[in-house]
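The values are calculated or read from the model by the stated rules, or taken from the named source; none is laboratory data. It should be emphasised that the depicted structure is a prediction, and the values quoted were computed from it without experimental measurement. Backbone-built Cβ (ideal geometry, glycine too); neighbour counts: all protein chains shown.
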Amino acid sequence: MRKEVIFAIAAGGVLGLIIAFGVWRANVAFSPSNRSASKTQASPTPKPEFAITLAKASDGDILTESSVTLSGITKSNTFVMVSGEDEDVYVRADAKGSFEATIDLSGGTNQIVLTAFDEKGSETSMRLLLVYSSEFEKYIQDNQSSQESTDTATDSVRGRVEQKVKEALSSPKAFLGTVTDISEGTLQIKTAEGEIKQLSIASDISVIKTGKTNKEVKLTDVAIGDFIIAMGFKNGNGVLDTKRILISSPLPEVTRRAVFAKVFKNNKKDILTQMVKTDEDQKIVPAKDALIFLSSQEKNTKIKFADLKENDLILGSGEFSDSTFEARTIFVVARP
């Protein structure tokens with residue numbers, strides 16, 4: 001009996017010590033100084049991300065003019081190549097990273113690639129899809145007239161917010177994808193990214209089947225599985241009030257690339273270069289009707305491919321064919 005009492009007392013003492021130690025650890029863990037230290041360790045200062053952010057234009061915009069001015073921000077003093085369907089434009093970002101470039105558009109869809117390189121050759125890129133349609137101007141004017149007829153005073157904060165919302169909704173947008181569902185007054189499409197988009201059909205909708213010659217058809221000619229370009233105005237629920245539909249082929253994969261390199265030998269028909277970032281050798285040949293420019297702050301001066309010199313720092317736009325880069329445009333961005 002005495003042994004059992006002694007054992008119970010010892011066990012109780014050990015249990016008490018364990019509980020006391022647990023309370024002490026909890027107090028230390030939740031003390032203000034410890035919490036502050038944990039927060040400091042858990043949130044190191046993030047490094048600035050090298051990216052391109054556009055202020056104008058935005059993906060899916062419909063434009064009725066044959067050119068567009070893109071403006072945005074990226075890393076300061078970077079070399080920015082804007083590559084359109086038929087034209088390439090080079091600009092230098094300023095000390096704050098701001099840049100602006102005007103590029104010509106081709107009729108229909110325009111897949112634009114923007115690439116920025118810093119002085120060490122690190123790069124970032126983004127893609128932008130724009131639709132050029134002069135035919136859509138009449139729908140924009142009709143929509144603006146409708147917006148103006150319902151305008152309210154904008155002298156209050158609420159009024160100004162409502163005005164901003166109306167301006168956003170009045171911007172024409174294009175949805176592209178494969179038709180997955182058809183019902184009365186609505187269509188559903190699936191984009192290349194797998195996103196489902198809803199379309200409401202306007203009473204005055206125009207449907208065009210594209211090809212060697214474009215042909216106006218009926219809405220009933222749109223079938224599940226068709227790839228379409230739906231053009232209209234997005235409402236507050238993200239549904240497109242569709243005014244015009246183009247039945248077309250899916251967009252081709254974009255293979256245009258930009259390279260940043262230094263010339264070390266000109267063989268007249270090709271140049272041998274070293275990539276700025278990796279120092280790897282890169283052979284570059286000019287595409288048919290390639291354009292070569294000597295760039296300065298004031299202007300781009302057209303030169304010949306044979307005029308490229310050793311140690312020229314170049315920015316090229318084109319496509320890779322095996323290990324060779326075929327350039328349709330080359331800009332000499334620095335010359336010793």
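Considering the range 88-102 alone, what residues qualify as being on the phi < 0 side of the Ramachandran plot, without any contact (Cβ under 8 Å) to a residue 40 or more places away in the chain and of a type outside the set (Ser, Thr, Tyr)?
Within the range 88-102, Val89, Val91, Ala93, Asp94, Ala95, Lys96, Phe99, Glu100, Ala101 meet the criteria.
When Thr220 is evaluated against the numbered criteria (1) part of a helix (DSSP H, G or I); (2) closer than 25 Å to Glu85 by Cα, which criterion, by number, is the only one it fails?
(2)
Would you pick out the residues in the range 85-140 that are among the basic types (Lys, Arg), closer than 30 Å to Ile245 by Cβ and at pLDDT 95 or above?
Arg127 - this is the single residue of the range 85-140 that is among the basic types (Lys, Arg), closer than 30 Å to Ile245 by Cβ and at pLDDT 95 or above.
Quick check on my filter: what residues within the range 67-88 are over 19 Å from Thr329 (Cβ atoms) and either of a type in the set (A, V, I, L, M) or not in a strand (DSSP E or B) (or both)?
Once the filter is applied, which keeps residues that are over 19 Å from Thr329 (Cβ atoms) and either of a type in the set (A, V, I, L, M) or not in a strand (DSSP E or B) (or both), the range 67-88 yields Ile73, Thr74, Lys75, Ser76, Asn77.
Where in the range 225-321 are there strands (runs of 3 or more DSSP E), lying wholly inside it, with at least 2 residues that are outside the structural domain of Ala93 (by TED's automatic domain parsing), surrounded by fewer than 18 Cβ atoms within 10 Å (Cβ to Cβ) and free of Cβ contacts under 8 Å to residues at least 60 places away in the same chain?
Answer list for the range 225-321: 257-266, 271-275, 281-295, 300-303.
Take the conditions touching a residue at least 40 places away in the same chain (Cβ under 8 Å) and either more than 24 Å from Gly177 (Cβ to Cβ) or assigned to a strand (DSSP E or B) (or both) and apply them to Lys138. Does it pass?
Against the criterion (touching a residue at least 40 places away in the same chain (Cβ under 8 Å) and either more than 24 Å from Gly177 (Cβ to Cβ) or assigned to a strand (DSSP E or B) (or both)), Lys138 does not qualify.
Among the residues of the range 192-204, how many are within 22 Å of Phe136 (Cα to Cα) and either in contact (Cβ under 8 Å) with a residue 12 or more places away in the chain or in contact with a Gly (Cβ under 9 Å, 6 or more places away or on another chain) (or both)? Break it down into steps so the answer makes sense when it comes.
Just the residues of the range 192-204 that are within 22 Å of Phe136 (Cα to Cα), to begin with: 197-204.
Those still in the list that are either in contact (Cβ under 8 Å) with a residue 12 or more places away in the chain or in contact with a Gly (Cβ under 9 Å, 6 or more places away or on another chain) (or both) too: 197-202, 204.
The number of residues fulfilling the criteria is 7.
Can you name the residue in the range 112-123 that is in contact (Cβ under 8 Å) with a residue 60 or more places away in the chain and in contact with a strand residue (DSSP E or B) (Cβ under 6 Å, 6 or more places away or on another chain) and is also farthest from Arg257 (Cα to Cα) among such residues?
Filtering first and then ranking leaves Gly121.
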